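One structure is given here, and the rest of the page talks about it.
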Amino acid sequence: MLDTHCRKYIQPMIKTGANVAMKMGLSANNVTVLAMILGVVSGVLTYFGMGVAGIALLWFSGYLDAVDGTIARETKSSSPFGTVMDITFDRIVEGAIIIGVAHKFPQFSFQSLLLAVSIIISMTIFLTTGPLAENKGEKSFHYQAGLAERSEGFIMLSLMILLGDKAGIVINIFTAIVLFTAYQRFLEARRILR
């Protein structure tokens, strides 16, 4: 929801990052890989109890995840494989944080598993609908907006890290939000693919 409605306000900051990266000679795919590595390190820091550093790295990873798409559009280098990398690496980052929280706080292992399954369900609908629907946006595939987009996910992942041994309620709320988003996407898919 935030990504869909607020992107226009932060796009100038993303464009600045894209310009810096391009001046450094980084391609969109280079930035995608860097964002994934930083996101995985964030999960490792979470596991070792360095939550504030983990959150900072997570958000910088997310910023770079927006920068890579801007670079691809600016340089007209968008590619199907770049899209696959971007979507796959986003899930790797989310998985790294969920695993970091589940290992650091084993009492939330089952709840973390339910969250991971809910993300799989929502992304299955998203990824199945994308190639079947007509693309009318600036992304390289049909983008299904919903209650839980990347920014909401980062807010919830950050709260999971920040609250530590009290994160169970956040994990449950995040799971409910992701499942509601899956429901939204399923209804949209039914409507546009009929």
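The values are calculated or read from the model by the stated rules, or taken from the named source; none is laboratory data. Remember, it's a predicted structure, so these values are computed and weren't measured experimentally. Cβ: placed from backbone, ideal geometry, glycine included. Neighbour counts: every protein chain shown. All accessible areas refer to the heavy atoms of the entire protein, side chains included, with ligands and DNA or RNA removed. Shrake-Rupley method; radii C 1.70, N 1.55, O 1.52, S 1.80 Å.
You will find that of TYR9, TYR63, the residue that is aromatic (Phe, Trp, Tyr) and more than 30 Å from VAL117 (Cα to Cα) is TYR9 and no other. For segment 104-113, the set of residues classified as part of a helix (DSSP H, G or I) and surrounded by 17 or more Cβ atoms within 10 Å (Cβ to Cβ) consists of LYS104, PHE108, GLN111, SER112, listed by residue number.
Report whether or not VAL117 is on the phi < 0 side of the Ramachandran plot and at pLDDT 95 or above. Against the criterion (on the phi < 0 side of the Ramachandran plot and at pLDDT 95 or above), VAL117 qualifies. Of everything in segment 5-27 that is open to solvent by 50 Å² or more (accessible area, probe 1.4 Å) and of a type in the set (Val, Ile, Thr), the residue that is modelled with the lowest pLDDT is ILE10. When you go through VAL101, VAL44 one by one, which is the residue that is over 23 Å from ILE10 (Cα atoms), more than 15 Å from the chain's Cα centre (by Cα) and open to solvent by less than 20 Å² (accessible area, probe 1.4 Å)? Exactly one of VAL101, VAL44 is over 23 Å from ILE10 (Cα atoms), more than 15 Å from the chain's Cα centre (by Cα) and open to solvent by less than 20 Å² (accessible area, probe 1.4 Å), namely VAL101.
Being touching a helix residue (DSSP H, G or I) at 6+ places or on another chain (Cβ under 8 Å), closer than 30 Å to SER79 by Cβ and open to solvent by 60 Å² or more (accessible area, probe 1.4 Å) narrows it down to one of ARG91, ARG150, so name that one.
Residue meeting the stated conditions: ARG91.
Working only within segment 83-125, note down all residues that are hydroxyl-bearing (Ser, Thr, Tyr) and closer than 24 Å to ALA28 by Cβ. First the steps, then the outcome.
Initially, segment 83-125 is screened for residues hydroxyl-bearing (Ser, Thr, Tyr), giving 83, 88, 109, 112, 118, 122, 124.
Answer for segment 83-125, where residues must be hydroxyl-bearing (Ser, Thr, Tyr) and closer than 24 Å to ALA28 by Cβ: THR83, THR88.
Condition check for ASP86 on (1) surrounded by fewer than 20 Cβ atoms within 10 Å (Cβ to Cβ); (2) closer than 25 Å to PRO12 by Cβ; (3) modelled with pLDDT under 95: one failure, at (1).
Going by the structure shown, is PHE110 under 24 Å from VAL170 (Cβ atoms), of a type in the set (Phe, Trp, Tyr), free of Cβ contacts under 8 Å to residues at least 12 places away in the same chain and out of contact with any Lys or Arg (no Cβ under 6 Å at 6 or more places or on another chain)? In short, yes. List the residue pairs whose Cβ atoms are under 6 Å apart, where the first residue sits in segment 170-194 and is over 27 Å from VAL101 (Cα atoms) and surrounded by 15 or more Cβ atoms within 10 Å (Cβ to Cβ), the second is hydroxyl-bearing (Ser, Thr, Tyr) and at pLDDT below 95, and the two are 6 or more positions apart or on different chains. Sorted first by the residue in segment 170-194, then by its partner, the pairs are ALA189/THR129.
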